[in-house]
Amino acid sequence: MSAGARAKLVRQLQMAYSAELGAGYAYRGHWRSVRDPGERDHIRQIEAEEWHHRELVGGLLRQLGGKPSPLREFIFWWIGHFIAGFCHVGGWFAPMYGAGRLERGNIVEYEDAAVFAAECGHHEMIDCLLTMAEVEWDHEAYFRSKASGHPFVRILKMWPATEPKEAIRARFAENEKRGDAVA
């Protein structure tokens, strides 16, 4: 097991753990700001999934003997609360668009963590990490579908579409086969 790969995995999980804190608080403000009951329920479910991811990532960190970064926790607590407040004054489009852009990055974050887990011999973590990437894919798809129909996308272009959800595991398997994600 490579110490460098383990260190990369711990750093990635620390970032994800704190980012989920920010996301949880941001989505709490987001669902409270929307009027449509269907959107409200969907975003509330996304919030619950982000808190669940935080629990899972915390468990993976503990398994590695790692701890959350107090500085990142502080920063993402503030970011989450700021975004939650912004959702109440930023209109409908900005939170939908912003959430989709952020979720796009979260997919990659968990895919990278799965690669790092494989590199340091923690194959038992891979399915959990790829499943979280797939859930983030669902979140990105939801917010993309909401934001893409808004007239403001003529000004703020939509980010590139994600590949189909199945590509997450296929890409990981291909990397493993090539030796990019092998312990």
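The values are calculated or read from the model by the stated rules, or taken from the named source; none is laboratory data. Since the model is a prediction, treat every value here as computed from it, not as a measurement. Backbone-built Cβ (ideal geometry, glycine too); neighbour counts: all protein chains shown.
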- In the stretch 53-70, which residues are buried (at least 17 other Cβ atoms within 10 Å of the Cβ) and under 15 Å from the mean Cα position of the chain (by Cα)? H53, R54, L56, V57, G58
- Task: Considering only the stretch 1-52, state which residues are closer than 23 Å to I75 by Cβ, surrounded by fewer than 15 Cβ atoms within 10 Å (Cβ to Cβ) and in contact with a helix residue (DSSP H, G or I) (Cβ under 8 Å, 6 or more places away or on another chain).
- Result: R32
- Residues satisfying the stated conditions in the stretch 4-55, i.e. part of a helix (DSSP H, G or I) and free of Cβ contacts under 8 Å to residues at least 12 places away in the same chain: G4, A7, R11, P37, G38, R40, D41, Q45, A48, H52, E55
- Query: Counting just the residues of the stretch 133-183 that are surrounded by 12 or more Cβ atoms within 10 Å (Cβ to Cβ) and among the basic types (K, R), which one comes out nearest to E103 (Cα to Cα)?
  - Reply: R144
- Residue among A113, A133, A141, A84 that alone is part of a helix (DSSP H, G or I), farther than 18 Å from A170 by Cβ and among the small types (G, A, S): A84
- Residues of the stretch 76-132 classified as buried (at least 23 other Cβ atoms within 10 Å of the Cβ), among the small types (G, A, S) and over 16 Å from L21 (Cβ atoms), total: 3
- Just a yes or no: is a residue in the stretch 56-78 farther than 15 Å from Q14 by Cβ, among the aliphatic types (A, V, I, L, M) and assigned to a helix (DSSP H, G or I)? no
- Query: Which residues, counting only those in the stretch 119-128, are modelled with pLDDT of 95 or more and assigned to a helix (DSSP H, G or I)?
  - Reply: H123, E124, M125, I126, D127, C128
